[in-house]
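Below is one structure; the comments refer to it alone.
The values are calculated or read from the model by the stated rules, or taken from the named source; none is laboratory data. Just so you know, these numbers come straight off a predicted model, no measurement behind them. Methodologically, a virtual Cβ is constructed for each residue, glycine included, from the backbone with ideal geometry; neighbour enumeration extends over all protein chains shown.
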Amino acid sequence: MAVYIDDECIEWRGRIWCHMVADTPDELHRFAAKVGLKRAWFQSQSIYPHYDVTLSVRAKALQMGAILADREVLIACARELKRQITAQQAEPAQQLSLLLTV
């Protein structure tokens, strides 16, 4: 399992921002907490789920073991995150459906 950070360096609101993703949602949230990010900052509703990170958080994350990734790797990982999140959200509905049919 790994956490990935890009070097997109997007300027917004007077800061430079990059993106952070991971192999699993749980791993991403745990790592984000370790680098000081709030769970509420997770971009779950975007096309590709991720955390936005400033350059200082990016540097800290890289020091803690995050992997510098190119856009292709980051997007592939974010797509997989979205698939996992969608599956997790569908699971309770599937369980309820099974209970109602018994």
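Cβ-Cβ distances below 7 Å connect the following pairs, each with a first residue in the range 25-51 that is free of Cβ contacts under 8 Å to residues at least 40 places away in the same chain and closer than 14 Å to residue 84 by Cα, a second residue that is surrounded by fewer than 19 Cβ atoms within 10 Å (Cβ to Cβ) and aliphatic (A, V, I, L, M), and a separation of six or more residues or different chains: 27/1; 48/75; 49/85. Being part of a strand (DSSP E or B), touching a residue at least 60 places away in the same chain (Cβ under 8 Å), touching a strand residue (DSSP E or B) at 6+ places or on another chain (Cβ under 8 Å) and crowded, with 18+ Cβ neighbours inside 10 Å is a property that residue 4 has. Of the residues in the range 85-100, not one is surrounded by fewer than 15 Cβ atoms within 10 Å (Cβ to Cβ), assigned to a helix (DSSP H, G or I) and modelled with pLDDT of 95 or more. Scanning the range 65-75 for residues that are surrounded by 14 or more Cβ atoms within 10 Å (Cβ to Cβ) and either part of a helix (DSSP H, G or I) or aromatic (Phe, Trp, Tyr) (or both) turns up 73, 74, 75.
Collect the residues in the range 12-43 that are out of contact with any strand residue (DSSP E or B) (no Cβ under 9 Å at 6 or more places or on another chain) and either more than 17 Å from residue 2 (Cα to Cα) or part of a strand (DSSP E or B) (or both), keeping them in residue-number order. Before the answer, list the steps.
Keep residues of the range 12-43 that are out of contact with any strand residue (DSSP E or B) (no Cβ under 9 Å at 6 or more places or on another chain), which gives 13-14, 24-26, 33-34, 36, 38-40.
Matches in the range 12-43: 13, 14, 36, 38, 39, 40.
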